[in-house]
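J.: Take a look at the following structure, please.
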Amino acid sequence: MQVTSSPAEATASELTVDLYALMVFMRKHCNADLFEAMGVLELTITQIKILHQLEGGGPELTLKQVAERVPLSLPAVSRTVDDLVRRGMVHRHEDNEDRRMKRVSLSDEGRSVIRRLNAAQMSGIEQFTTDLKDGERDLLARALSELLQRPELAVCRPEGA
């Protein structure tokens, strides 16, 4: 097991290895509630990826844009979006200026599903933070506080946090 001698001395490579170890631990030990929710909702990873891409609140995306962001072939995205539309999680309509293009957006039901999945994932993370020693929790809080000053990270906080 590689552990850096002090955070101030960590190289990018050492930090990568250490952060990877934490992410693997989190995937193995903190996702049980998330996977259960995925099963109950009968959602695939691809469907969840598409829902998250639509969650941003920006302009509606075209099917092509979704395919580029997921990434997946346009026919595969179209079939997946068809299922999400059928289930009421996504809205799809023709583009106002180019009727050949289809635009998609998250429905209220889709937003509810995202909130439910996020809550399930937060449950596992909460258990992890509860199990930390006080000093570990304080150290992690200070590091995250600094990192979350970056807008691209801060925008990822869940609703209501």
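The values are calculated or read from the model by the stated rules, or taken from the named source; none is laboratory data. Please read all numbers here as calculations on a predicted model, not as lab measurements. In this analysis, Cβ positions are derived from the backbone assuming ideal geometry, glycine residues included, and neighbour counts consider all displayed protein chains.
J.: Looking at the stretch 94-161, what helices (runs of 4 or more DSSP H) fall wholly within it and have at least 1 residues that are basic (Lys, Arg)? Outline the logic, then answer.
T.: On the way: elements: 108-131, 134-147, 151-154.
So the answer is 108-131, 134-147.
J.: Now for a separate question. Any residue that is over 30 Å from Ile125 (Cα atoms) and assigned to a strand (DSSP E or B) - is there at least one of those in the stretch 36-59? Show your work before the answer.
T.: Taking the stretch 36-59 first, the residues over 30 Å from Ile125 (Cα atoms) are 59.
Cutting the leftovers down to assigned to a strand (DSSP E or B) gives us none.
Scanning the stretch 36-59, I find no residue that is over 30 Å from Ile125 (Cα atoms) and assigned to a strand (DSSP E or B), so the answer is no.
J.: Take Ala37 and tell me if it is crowded, with 17+ Cβ neighbours inside 10 Å, closer than 30 Å to Glu136 by Cα and of a type in the set (A, V, I, L, M).
T.: Numbers: crowded, with 17+ Cβ neighbours inside 10 Å: yes; closer than 30 Å to Glu136 by Cα: yes; of a type in the set (A, V, I, L, M): yes.
Yes.
J.: Restricting to the stretch 22-35, what's the tally of residues that are outside any helix (DSSP H, G or I) and of a type in the set (A, V, I, L, M, F, W, C)? Explain how you work it out, then say what you get.
T.: Kept after step one, since they are outside any helix (DSSP H, G or I), are these residues of the stretch 22-35: 30-31.
Adding the requirement that they be of a type in the set (A, V, I, L, M, F, W, C) leaves 30.
Residues that pass the stated criteria total 1.
J.: Please find, among Lys102, Lys64, the residue that is touching a residue at least 40 places away in the same chain (Cβ under 8 Å) and more than 22 Å from Arg116 (Cβ to Cβ). Before you say what the answer is, go through the steps one by one.
T.: Details: Lys64 fails: touching a residue at least 40 places away in the same chain (Cβ under 8 Å).
None of the others qualify; the one that does is Lys102.
J.: Looking only at the stretch 63-87, filter to residues that are exposed (fewer than 13 other Cβ atoms within 10 Å of the Cβ) and closer than 28 Å to Pro158 by Cβ; which one of those is modelled with the lowest pLDDT?
T.: Pro71
J.: Here's a follow-up. Pairs, please: C-beta under 9 Å, at least 6 apart or cross-chain, first residue farther than 23 Å from Arg115 by Cα and in the stretch 134-161, second exposed (fewer than 10 other Cβ atoms within 10 Å of the Cβ) and at pLDDT 90 or above?
T.: The qualifying pairs are Arg137/Thr130.
J.: Also, quick follow-up: Going by what's in this entry, would Gly88 be described as touching a helix residue (DSSP H, G or I) at 6+ places or on another chain (Cβ under 9 Å) and either in contact (Cβ under 8 Å) with a residue 60 or more places away in the chain or acidic (Asp, Glu) (or both)? Walk me through it before giving the result.
T.: Working: touching a helix residue (DSSP H, G or I) at 6+ places or on another chain (Cβ under 9 Å): yes; either in contact (Cβ under 8 Å) with a residue 60 or more places away in the chain or acidic (Asp, Glu) (or both): no.
Judged against the criteria, Gly88 is not a match.
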